[in-house]
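Report on the following structure.
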Amino acid sequence: MQIRTISNDDFIKAHQLAGECELIVQHPIHLYRIMQIYFGNSFFIAEDAGEVAGFLLGFISQTQKDVFFVWQVGVSPRHRRKGIAASLVKSANEFAKAAGCTRVHSTVETGNSASQGLFERLGFANASFGETIEKNGKKAMPNYYGSGTDQILYELAV
């Protein structure tokens, strides 16, 4: 398996893969293209035997310039349990540190225990703030994005 930054046509494959992942929002394809064009240095692809097995979309915050935000991590169902998501996040952490960031953030829906476990195994701490609630024994921010879902903010110092 190889982790690399996105190449020209990978945005189509990342869009399709997002559709295969039950807990990921598959955004319109043009969003993945925009991310490839403008944030391609922080859009990572996991490739296994020439096939896109996973992806990570992330970017450096423009308002908190020391924060790298992991937006989406997706792994094809047939490639799960191989450490691909962890490798993608570790690559993003390395990119963030090299770019001068001191923190990596991600938000995870309270119902996504697999992603919660991933970030917790990688040393991220629950940094939820403001008005919080407890969901499944974890502090979370209610309706944080206005989409009706509760989010846990994870943070890692890099």
For G40, the lone unmet condition from (1) among the small types (G, A, S); (2) assigned to a helix (DSSP H, G or I); (3) over 13 Å from the mean Cα position of the chain (by Cα); (4) crowded, with 19+ Cβ neighbours inside 10 Å is (4)
Matching residues, the stretch 27-57, being in contact with a Leu (Cβ under 7 Å, 6 or more places away or on another chain) and either β-branched (V, I, T) or farther than 18 Å from V70 by Cα (or both): V52
Mind listing whichever residues of the stretch 95-110 are open to solvent by 60 Å² or more (accessible area, probe 1.4 Å) and either touching a residue at least 12 places away in the same chain (Cβ under 8 Å) or in contact with an Asp or Glu (Cβ under 7 Å, 6 or more places away or on another chain) (or both)? K97, T102, R103, E109
State which residue pairs qualify: first residue in a loop (DSSP other than H, G, I, E, B) and inside the stretch 116-144, second residue acidic (D, E) and open to solvent by 50 Å² or more (accessible area, probe 1.4 Å) in any location, beta carbons under 6 Å apart, and separation of 6 or more residues or different chains. A127/E155
Being in contact (Cβ under 8 Å) with a residue 40 or more places away in the chain, farther than 12 Å from A53 by Cβ and β-branched (V, I, T) is the filter here, so list the residues in the stretch 1-21 that pass it. T5, I6
Looking at this structure, is A18 assigned to a helix (DSSP H, G or I), among the hydrophobic types (A, V, I, L, M, F, W, C), under 28 Å from A140 (Cα atoms) and in contact with a helix residue (DSSP H, G or I) (Cβ under 7 Å, 6 or more places away or on another chain)? no
Condition check for S113: at negative phi, touching a residue at least 60 places away in the same chain (Cβ under 8 Å) and under 15 Å from the mean Cα position of the chain (by Cα): no
Tally, over the stretch 112-136, of residues that are more than 17 Å from N93 (Cβ to Cβ), open to solvent by 60 Å² or more (accessible area, probe 1.4 Å) and not polar (S, T, N, Q): 6
Residues in the stretch 50-58: is at least one in a helix (DSSP H, G or I) and either closer than 17 Å to Q116 by Cα or not acidic (D, E) (or both)? no
Where S147 falls short, out of the listed (1) of a type in the set (S, T, Y); (2) closer than 27 Å to I12 by Cα; (3) touching a residue at least 24 places away in the same chain (Cβ under 8 Å): (3)
Of all residues in the stretch 145-158 being assigned to a strand (DSSP E or B), out of contact with any Asp or Glu (no Cβ under 7 Å at 6 or more places or on another chain) and open to solvent by less than 60 Å² (accessible area, probe 1.4 Å), which is farthest from F95 (Cα to Cα)? I152
Would you confirm, using the coordinates I've provided, whether R121 is within 22 Å of S61 (Cβ to Cβ) and out of contact with any Lys or Arg (no Cβ under 8 Å at 6 or more places or on another chain)? no
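The values are calculated or read from the model by the stated rules, or taken from the named source; none is laboratory data. If you're wondering where the values come from, they're calculated on a predicted model, not measured in any experiment. Positions of Cβ are backbone-derived with ideal geometry, glycine not excepted, and every protein chain shown enters the neighbour counts. Each accessible area value is taken on the protein alone, full model and side chains, heavy atoms only, with ligands, DNA and RNA left out. Shrake-Rupley method; radii C 1.70, N 1.55, O 1.52, S 1.80 Å.
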